[in-house]
Amino acid sequence: MQRLHSTASSIRSSDSSDHSSGGGMGWSSNGGGMGWTSNGGGSSSNTMGGFVNGINAGLSGGRKVLVAGGGPAGMLAALAMRMRGLEPVVFERQEAVGIGADGEPRFAALGGAVMLSGNGLRVLARLGLLEAVLAASGGAGPKDMIFARMDGSGRVRRPQAARHLPASSTPPPPSMTLPATYGGGGGGGGGGGGSGGAATTSMSAVGRPVQILRSSLQAVLVRACRTAGVLVFPGKRVAGVSQTVRAVRLDFADGSFVMGDFLVAADGIRSTVRAAVFPGLPPADRVGVGFLGVYDLLVDEEGSVNGRPGSVAASSSGASGHGNGGHGGNRKDPLALYMSPLDSSIMHTVECERDGIGAWMIMQVRGASDPDAAAIAAMAGADASWRPCEDLPGEAARLAGVVESWGAPRVLADTVRRAHRIAPVHMYNLPDMPTLQKGRIVFVGDSGHGTFPTHGQGLNQAFEDVGVLYELLGHFPGFSRGDHASVFAVYDAVRLPRVRRVSAAARRLSAHWSASTRAEEAVGRLVFRATMSFRSLFGLDDDLLEHDYQADVIDKLEEFARRMEERSVAKLAAMR
């Protein structure tokens with residue numbers, strides 16, 4: 001059995017010619033239009049001064065929200081803050097690779113495919129982005145997700161559509177025709193965006209999770225932020241963070257810094273902000289090392305993607321089965337997870353037909369002490385994640401051989417060979433945090449609750465975070481005038497129980513990825529099959545995948561109101 005490994009020479013370094021080298025570039029509004037403005041390209045001191053002064057000059061006091069991280073979670077958080085009358089500024093560590101004809105910054109295509117479940121789609125609908133995301137993705141994804149052994153046998157089917165989900169309580173989404181001047185009840189958190197123009201696509205019309213390339217989703221969010229006038233600064237790697245009772249400061253690796261009123265930490269599973277704010281908490285554990293790949297789907301003469309529905313073009317071997325009782329050597333499911341517990345190896349495959357793209361992830365689930373984990377981490381530290389492999393043909397051929405050595409059928413190995421982008425990836429498990437906020441800092445997404453991808457909930461939980469913040473900002477119009485403590489406290493009360501339940505469910509399912517003996521593997525497979533069948537039959541995963549976050553918000557707001565009333569009564573009694 002071959003093992004996953006690579007070398008530093010196969011990974012494109014961060015100072016590649018594909019990346020912009022100007023540290024003083026900012027994406028900002030220029031007289032109503034969007035464009036790139038330089039904040040100093042000379043010495044580091046000039047760059048820092050121009051950067052800081054330029055940021056401060058364009059924002060209103062008391063409403064400036066710094067957003068650390070420009071991935072999907074950070075971009076959506078910035079958009080939500082903007083729609084509530086605040087002034088967000090996004091700082092993304094990745095350099096932009098250029099600027100498009102439409103004035104939008106172009107970032108390198110990163111990652112593979114992501115799944116947007118009903119809970120995440122609710123948030124997108126609430127913020128007026130559902131139709132744009134559906135258009136970019138091609139709509140609802142496959143009806144089922146398949147779990148199987150690495151050779152394709154022992155298939156367990158999990159329906160993707162919710163069976164016992166009540167009607168959504170999501171109100172009409174705000175219009176994305178955003179006004180030039182945002183309202184918001186006097187300085188943040190109460191208005192903005194308006195409420196007209198409900199999306200024509202309802203949640204019920206989606207029906208099941210949506211598969212979309214991460215890069216396609218990111219393009220939708222970047223465009224929405226541009227329309228809303230959100231400032232985005234690429235190439236700003238956070239090096240430190242500090243706060244007082246009145247302000248937050250971000251320091252960057254290039255020597256610059258910026259001050260703000262609040263900070264949204266969306267800087268991922270290895271969050272620099274989290275480490276600085278909670279130095280005593282355990283860091284995220286690296287539990288898997290592997291690779292992500294993206295490849296072009298094949299189309300047959302009749303125009304069916306991959307010669308299906310349900311299959312990839314026939315492999316040259318003409319095999320009739322996937323190993324022991326498989327489902328056909330020339331077939332692959334559009335959404336599947338293949339597992340080899342004795343090797344602690346998994347392969348996840350997904351197809352995004354709208355883009356004509358498929359994506360895969362191969363992973364060995366090991367602890368940080370495993371030699372392979374150390375070898376991959378040594379390529380360029382944990383920062384090696386997401387950097388494309390330069391020797392694409394060689395790496396694709398090598399990884400295809402690794403997959404075949406795991407016992408995978410040729411059809412899966414062929415998807416690896418056809419990859420036109422491959423990048424190493426690390427998988428982490430973040431121990432549950434005691435809180436998702438401190439002072440003027442709030443955490444969203446993986447920075448606060450990174451978890452295993454067993455249910456595809458990482459990004460969806462980040463979107464739930466944003467949805468909850470958006471609703472709370474509407475209920476506390478005095479956010480920028482002192483109510484932030486109440487907003488963050490209720491945010492904690494809403495989100496902590498939810499993310500802990502989701503993380504616990506993901507950890508339970510991931511336990512089936514590894515086995516020490518064949519007997520343990522066989523028993524684990526029986527338990528897994530029985531558990532999945534039972535949960536599917538009774539719709540026990542519906543709340544996990546289709547959860548309506550607004551019900552949580554209403555419940556905790558009522559609880560908060562009761563506590564405030566009790567305190568008022570107690571104070572009046574004490575005064576008598």
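When restricted to residues that are on the phi < 0 side of the Ramachandran plot and more than 23 Å from the chain's Cα centre (by Cα), segment 519-550 contains 21.
Restrict the check to segment 563-571 and report whether at least one residue is surrounded by 15 or more Cβ atoms within 10 Å (Cβ to Cβ) and of a type outside the set (Val, Ile, Thr). Checking segment 563-571: not a single residue is surrounded by 15 or more Cβ atoms within 10 Å (Cβ to Cβ) and of a type outside the set (Val, Ile, Thr).
Within segment 527-562, track down each residue that is open to solvent by 70 Å² or more (accessible area, probe 1.4 Å) and closer than 17 Å to PRO209 by Cα.
Step one: filter segment 527-562 for residues open to solvent by 70 Å² or more (accessible area, probe 1.4 Å), giving 527, 529, 534-535, 537-538, 540, 543, 554-555, 558, 562.
Once the filter is applied, which keeps residues that are open to solvent by 70 Å² or more (accessible area, probe 1.4 Å) and closer than 17 Å to PRO209 by Cα, segment 527-562 yields LEU540, ASP543.
In this structure, does PHE452 turn out to be within 13 Å of the chain's Cα centre (by Cα) and open to solvent by 10 Å² or more (accessible area, probe 1.4 Å)? Answer is yes for this residue. Would you check if there is a residue in segment 520-531 being touching a residue at least 60 places away in the same chain (Cβ under 8 Å), among the small types (Gly, Ala, Ser) and under 26 Å from SER447 (Cα atoms)? Checked segment 520-531: no residue is touching a residue at least 60 places away in the same chain (Cβ under 8 Å), among the small types (Gly, Ala, Ser) and under 26 Å from SER447 (Cα atoms).
The C-beta contact set for segment 129-144 (first residue within 16 Å of GLN218 (Cβ to Cβ) and modelled with pLDDT of 80 or more, second residue among the charged types (D, E, K, R) and open to solvent by 40 Å² or more (accessible area, probe 1.4 Å), distance under 7 angstrom, 6+ apart or interchain) comprises SER137/ARG354. A Cβ distance below 9 Å, combined with a sequence gap of six or more or placement on separate chains, defines the contacts here; from segment 228-250, residues that are farther than 22 Å from GLY85 by Cβ and without any contact (Cβ under 8 Å) to a residue 12 or more places away in the chain reach residues that are hydroxyl-bearing (Ser, Thr, Tyr) and not in a loop (DSSP other than H, G, I, E, B) in the pairs ARG249/SER242. Out of segment 218-232, which residues are open to solvent by 10 Å² or more (accessible area, probe 1.4 Å) and over 18 Å from the mean Cα position of the chain (by Cα)? Hits for segment 218-232 are ARG226, THR227, GLY229, LEU231.
This table checks each residue for (1) open to solvent by 20 Å² or more (accessible area, probe 1.4 Å); (2) closer than 26 Å to LEU116 by Cα; (3) of a type in the set (Gly, Ala, Ser).
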site: LEU459; (1), (2), (3): yes, yes, no
site: ALA462; (1), (2), (3): no, yes, yes
site: VAL468; (1), (2), (3): no, yes, no
site: ALA485; (1), (2), (3): yes, no, yes
site: ARG495; (1), (2), (3): no, yes, no
site: ALA506; (1), (2), (3): no, yes, yes
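The values are calculated or read from the model by the stated rules, or taken from the named source; none is laboratory data. Given the structure is predicted, the values throughout are model-derived calculations rather than measurements. As a convention, Cβ positions derive from the backbone with ideal geometry for all residues, glycine included, and neighbour counts pool all protein chains shown. What goes into the accessible areas is simple: the full protein's heavy atoms, side chains included, and nothing from ligands, DNA or RNA. Shrake-Rupley method; radii C 1.70, N 1.55, O 1.52, S 1.80 Å.
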